[in-house]
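Input: a single structure, listed below in structure tokens.
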């Protein structure tokens with residue numbers, strides 16, 4: 001059993017707090033990639049091959065090489081400290097999966113909203129949903145090879161972000177960058193908790 005514990009399959013005995021967090025955003029923004037990059041366990045993925053029928057409703061602009069899509073959820077776990085483990089739930093990005101998103105949001109403490117500055121308007125639905133459910137959130141701009149470098153004030157205005165909402169950049173493929181984004185979310189949630197106490 002000890003070897004399985006050291007392999008990261010089970011939650012450490014020292015963990016006292018577990019937190020359910022959402023990873024949300026539009027289709028093709030990198031949610032599955034981010035969870036796969038940081039998860040200490042083999043992530044659960046519900047990806048299916050994209051079909052011609054889906055091509056009618058799934059806009060592949062900027063992500064032409066994408067061949068699969070999440071149809072239910074992604075799940076991973078990250079032990080952030082000896083006493084804190086995060087359960088990460090990634091949502092499908094297409095509007096037709098909104099009901100699944102709503103079900104997954106139950107019991108979540110907050111959300112990391114992944115966005116793509118090449119198509120910020122695609123993030124409005126995810127932002128609307130987290131606000132509708134009252135989930136505190138951090139916006140993380142995922143870095144792509146052709147990502148423009150807009151000034152932060154312009155990005156905040158385009159996304160209509162509250163001044164206190166953190167806006168950061170991350171590379172969903174890079175474990176440390178993705179982990180830093182999640183740490184930012186946890187710190188933001190902790191600060192909000194302290195302020196409301």
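Please treat every number below as a calculation from the coordinates, not as lab data. Every value quoted in this text rests on a predicted model; they were computed, and no experiment measured them. Here Cβ is always computed from backbone atoms with ideal geometry, including for glycine, and neighbour counts include all displayed protein chains.
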Spin-label model distance (nm) - residue 15 vs residue 197, 7 Å beyond Cα toward Cβ: 2.2
Overall form of the range 108-181 per C-alpha gyration tensor (a/c, 1.5; a/b vs b/c): oblate
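Subtract the Cα-Cα distance of residue 175 and residue 124 from 0.36 nm times their separation in residues, and report this length gain in nm to one decimal. Can you show the working numbers first?
Details: separation 51, 0.36 × 51 = 18.36 nm, distance 2.61 nm.
Computed gain between residue 175 and residue 124 is 15.8 nm.
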Compute the length gained on full extension between residue 99 and residue 154: take 0.36 nm times their separation in residues and subtract their Cα-Cα distance, giving the result in nm to one decimal. 16.6 nm
Multiplying the sequence separation of residue 42 and residue 84 by 0.36 nm and subtracting their Cα-Cα distance, what value in nm do you get? 13.2 nm
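So for each of 78-87, 20-29, 107-116 I average, over its residues, the number of other beta carbons within 10 Å; can you give me the resulting order with the highest mean first? Write out the running numbers ahead of the final one.
Working: 78-87: 16.8, 20-29: 24.4, 107-116: 22.1.
The most tightly packed comes first, giving 20-29, 107-116, 78-87.
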Order of 125, 40, 152, 195 under a 10 Å beta carbon neighbour criterion, fewest first: 195, 152, 40, 125
Whole-Å distance, taken between Cα centres, linking the range 14-31 and the range 94-156: 12
Cα→Cβ-extended label distance, 7 Å offset, between residue 132 and residue 183, nm: 3.4
